[in-house]
Amino acid sequence: MKEIIVGIDLGTTNSAIAYVKDGVPEIIPIDGQPTMPSCVGIDPQGKLLVGLPARNMLIAAPESTIHSIKRRMGEPVKVTLAGQQFSPEEISSFILRKLKEEAEKFLGQPVKKAVITVPAFFDASQRKATQNAGELANLEVVRIINEPTAAALAYEAGHSDNERILVYDLGGGTFDVSVVVIENDVVEVQASHGDTHLGGDDFDELLVQRVVDDFHAKHQIFLSEDPKTMRRLKLSLERAKCALSDEPLVMVREEYIHGDLHLEMELQRADYEEMIEPYLQKTLDCIHKSLQDARLLPGEIAKVMLVGGSTRTPLVHQLIEANLNLVPRWEINPDLIVALGASISAASMAGEKSKAILVDITGHSFGIEALSFTEEGEMLVNTPIIHRGTPLPVSKSELFHTVHDNQREVEITVFEGEDRIPAKNTLVGQFRVEGLSEAGHGNPILVTFNLDLNGMLTVTATERVTGLKKSVTLDTRNVHASFDLAAARQNIMSLVDQDVLELEEPGEDSEPVDSHALLVSAKELRKRAEALLENKVTEEDAVEIRELLRKSAEAVKAKDIESLQPLNDSLSDIIFYLED
Ligand code: ADP
Ligand code: MG
């Protein structure tokens with residue numbers, strides 16, 4: 001049996017373990033999860049608990065649980081656990097021992113050697129303490145590597161580009177930024193800065209404080225007086241915080257939070273991001289300091305890589321992109337990338353080569369057209385919902401609002417591309433949501449995009465107050481083929497005055513729009529719509545139908561196949577609505 005050297009990310013909040021299987025780095029699950037909370041506890045029966053079970057005990061028995069021990073590594077201190085004293089090395093060794101044992105079960109063979117990662121700023125005594133923790137867990141620590149080095153290896157295995165890479169790591173309790181260069185498979189950390197007390201825990205704290213204040217304002221009760229309630233809030237709000245990375249708002253519900261009182265509160269991403277922005281500004285300062293140390297200008301950085309669970313917050317991406325003018329890479333799971341990179345380093349020590357980790361990402365952003373109030377006034381802009389570079393499959397939502405009082409319908413126009421000007425992007429599709437309730441302007445509409453690995457984009461628009469919903473699935477792979485075809489058609493139209501039907505002949509491997517079918521259905525839909533006009537329809541509907549008929553006739557005349565599809569959709573929608 002070949003010896004396996006594992007890679008371990010011994011994190012402040014979470015740890016993970018990985019190995020290279022047939023050249024591909026892979027995570028070993030612990031308690032069914034890809035990462036394990038870095039928690040150690042002792043249960044009432046005196047049994048040692050590590051990982052998830054210890055974290056679950058945190059609420060009930062905080063005095064019997066230790067977390068964030070990594071902060072104390074290298075210090076000559078003891079922590080008390082269920083009345084017994086332990087050094088940070090000893091606590092860390094419990095974490096490493098569980099990782100090792102679970103890996104042995106998973107792999108079906110002994111695991112004796114490991115590469116363990118540490119923050120770039122760890123000094124010699126902190127590194128030595130990590131090594132000792134490994135030895136205590138019966139692991140031979142064959143190498144200690146820096147976390148940003150591991151992250152860079154995960155992205156760059158097999159390449160040696162001599163590029164300068166900025167690794168931005170925002171975890172649970174700490175923030176680090178490093179500038180690294182890979183030369184001939186050797187990663188060199190050129191500069192590193194950070195804040196050992198800045199991370200997701202601080203963000204949770206802000207949310208807890210917000211809820212405590214809000215509850216006090218409503219009920220004149222201080223939830224903060226009960227430590228158990230506070231820990232319950234912390235867990236609940238951490239969950240809510242994570243959800244806000246994908247959704248614009250979440251409902252926080254905790255029953256019987258105080259006597260008979262329940263907690264029910266809506267949190268909005270926009271508010272949350274405003275709360276954490278000062279912290280994120282600090283991380284930007286650190287970026288600029290490390291660039292100064294490495295004597296680099298922002299433009300000399302080739303790539304930014306995101307590491308750590310807290311980098312899933314959309315504002316992090318936005319601020320980095322705005323500051324460094326680079327779309328940050330995060331397609332390798334930011335919770336797992338350090339362990340995966342460590343396993344690549346481990347495999348290379350065992351003489352094995354690893355392949356780069358391949359993950360599907362969106363090459364472009366997907367968004368909808370929405371009215372934006374800018375300095376130049378109101379204008380329709382393309383508003384991204386899924387940003388380019390996002391790993392697939394993905395589900396993301398954003399909130400939009402109606403503009404007019406009593407606006408009974410909204411048009412959802414989906415674009416692929418990054419340009420703010422809608423027309424400069426590729427139209428993916430269009431549909432209309434009708435039957436919205438009578439409400440003042442600002443009626444919230446939640447728009448959700450689900451994009452799968454095959455490029456199928458399901459767009460769902462939901463009126464929040466009523467739950468009224470409309471969903472369509474669009475094939476994003478076809479948009480380029482049809483878009484190019486239509487553009488080409490326009491281009492040659494004036495020169496070769498051929499019939500549309502001739503031009504639509506499919507090319508060798510293109511995926512043409514079926515313009516014939518579109519023309520036929522346009523004709524049929526117009527007939528039905530005209531019939532509706534003879535019936536009793538409201539003046540408002542009649543105006544809309546006549547407008548659509550006019551546009552449809554125009555599009556057919558101009559052989560504007562591109563516009564015909566959405567017009568057909570709109571006609572068919574209104575027919576469906578009125579024929580009922
Ligand atoms: P560490 O390196 O400190 O061990 P991690 O990289 O595992 O930490 O990050 C843990 C932090 O990431 C926690 O504060 C957690 O709440 C946060 N986090 C995890 N997932 C998300 C998410 N989807 N959105 C925002 N924060 C997240
Ligand atoms: Mg980490």
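The values are calculated or read from the model by the stated rules, or taken from the named source; none is laboratory data. Quick caveat: nothing in here was measured; it's all calculated off a predicted structure. Glycine gets a Cβ as well: all are built from the backbone with ideal geometry, and neighbour counts include every protein chain shown. SASA here: full protein model, heavy atoms, side chains in, ligands and nucleic acids out. Shrake-Rupley method; radii C 1.70, N 1.55, O 1.52, S 1.80 Å.
Rounded to the nearest 5, what % of the DSSP beta bridges within the chain are antiparallel ones?
About 85 percent, rounded to the nearest 5.
Can you give the percent of C-alpha pairs in region 413-470 whose distance is more than 13 Å?
67
For Lys559, give me every one of the lysines with a C-alpha distance below 29 angstrom, ignoring sequence neighbours fewer than eight places off in its own chain.
Lys424, Lys523, Lys527, Lys551
Measure off, as a whole percent, the carbon and sulfur share of the 1.4 Å-probe accessible area of region 374-474, all protein chains present.
50
State the three equivalent ellipsoid semi-axes of region 290-417, derived from the C-alpha gyration tensor as the square roots of 5 times its eigenvalues, in descending order and whole Å.
Working: eigenvalues 282, 76, 26 Å².
Three semi-axes, in Å: 38, 19, 11.
Taking a cut-off of 26 Å between Cα atoms, list the lysines near Lys289, but don't count ones fewer than 8 places away on the same chain.
Lys70, Lys303
Any chance you could give the angle, 0 to 90 degrees and rounded to 10, that helix 227-243 forms with the longest Cα principal axis of the chain?
40
Write down the accessible area per residue of the chain in Å², having rolled a 1.4 Å probe over the full set of protein chains.
Solvent-accessible surface per residue comes out at 48 Å².
Among rounded, prolate and oblate, which fits region 200-275 when a ≥ b ≥ c are the square roots of the eigenvalues of its C-alpha gyration tensor, a/c under 1.5 means rounded, and a/b larger than b/c means prolate?
Values: a/c = 1.76, a/b = 1.62, b/c = 1.09.
Prolate.
Go through region 336-392 and name the GluC sites (Glu not before Pro) that are in a DSSP coil and have 14 or fewer other Cβ atoms within 10 Å of their Cβ.
Glu375, Glu376
Can you list the lysines whose alpha carbon is less than 21 Å from that of Lys105, not counting same-chain residues fewer than 8 positions off?
Result set, ordered by chain and number: Lys2, Lys21, Lys47, Lys113.
Give the Debye-formula value of log10 I(q)/I(0) at each listed q (0.08 Å⁻¹), with one equal scatterer per alpha carbon of the chain, two decimals each.
The Debye formula, applied to the Cα set alone, gives -0.69.
In nm, to one decimal, how far is the Met379 label point from the Ser125 one, both placed 7 Å along Cα→Cβ?
Each label point is offset 7 Å from its Cα along the Cβ direction, giving 5.9 nm.
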